[in-house]
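All of the numbers you see were taken from the coordinates with simple rules; none came from a lab. Since the structure is predicted, the reported quantities are computational estimates derived from the model, not experimental observations. Because the Cβ atoms are built from the backbone with ideal geometry, glycine has one as well, and the counts that use them run over all protein chains shown.
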Amino acid sequence: MVFFLIKECALVKKGVKIMRKKLLLMFVLVIFVLTAIACSGLRFSQLASEAGDFHPKRVIIFPLEMVMPEGTKEVRAEVEKNIEGALIEKKWFTFVAGTENFNRQLLANEELNKAMTEYLAKLQTVNFSDPDLSKKIGELFNVDAFLMASVDSWDYIVVKDDKKAFVGMTMKLYEASTGKLMWKAGYDIKEDYMLIKPDLTKVARDVTRKLIAYMPH
């Protein structure tokens, strides 16, 4: 009788251990799922009336503008590479020049450097895309369009006790020959997490791909 009681007790203990393992596994899976959940959304996407006839083949990416203080040189370079890679991946364009190409040509060409300085000064101070300067820059770079991107949000935030990795970006596409803004859009991703903070550069890569999907080509 005692033997059977001991055996039954051992079986109960074994069952409890198995149950604990299953519960632990379920807990880990729940954390994984919750970490992967992302709240995302298109803030806006606007096309110029002429965009229907705009089909650029050669595009250059201007240096990324990062609003948040965490935008270190390394982070900026990685996000710029992500943008370049996402455009090449689409196979919409015959030529995509990244920011490394952009900077290299600026250093090598004084005329281009001067035109870029004047163009960006007007664009940033009075929001005027000078058509003459734009055309000149397009010819010197040998491209049909300029892509400008900015990171508007780059942070870990808490919303109603929920932890989120928050990245928001805006992109603008200009026609080089006219200086016209053909398209602009903004997209945010707020990725939920519990214990492990998601890598913001990876979140930014997802934002980039979402944004580019709306780009005219």
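Numerical summary
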| item | result |
| --- | --- |
| Check on Tyr119, part of a strand (DSSP E or B) and of a type in the set (Phe, Trp, Tyr) | no |
| Count - residues of segment 122-137 that are surrounded by 14 or more Cβ atoms within 10 Å (Cβ to Cβ) and either assigned to a helix (DSSP H, G or I) or of a type outside the set (D, E, K, R) (or both) | 9 |
| Members of segment 176-195 found to be under 17 Å from Ser129 (Cα atoms), part of a strand (DSSP E or B) and either in contact with a Ser or Thr (Cβ under 8 Å, 6 or more places away or on another chain) or of a type in the set (Val, Ile, Thr) (or both), listed by number | Leu181, Trp183, Lys184 |
| Which listed residue is closer than 18 Å to Ala176 by Cβ, free of Cβ contacts under 8 Å to residues at least 12 places away in the same chain and of a type in the set (Ser, Thr, Tyr), from Thr94, Thr117, Thr99, Thr125 | Thr117 |
| Residue among Ala108, Ala86 that is over 30 Å from Ile196 (Cα atoms) and either loosely packed, with under 14 Cβ neighbours inside 10 Å or in contact with a Ser or Thr (Cβ under 9 Å, 6 or more places away or on another chain) (or both) | Ala108 |
| Count of residues meeting criterion [surrounded by fewer than 16 Cβ atoms within 10 Å (Cβ to Cβ), under 18 Å from Arg76 (Cβ atoms) and basic (Lys, Arg)] in segment 186-208 | 1 |
| Members of segment 145-161 found to be in contact (Cβ under 8 Å) with a residue 12 or more places away in the chain and not hydroxyl-bearing (Ser, Thr, Tyr), listed by number | Ala145, Phe146, Leu147, Met148, Ala149, Val151, Asp152, Trp154, Asp155, Ile157, Val159 |
| Thr170, sole failed condition from (1) over 17 Å from Ala48 (Cα atoms); (2) of a type in the set (S, T, N, Q); (3) in contact with a strand residue (DSSP E or B) (Cβ under 7 Å, 6 or more places away or on another chain) | (1) |
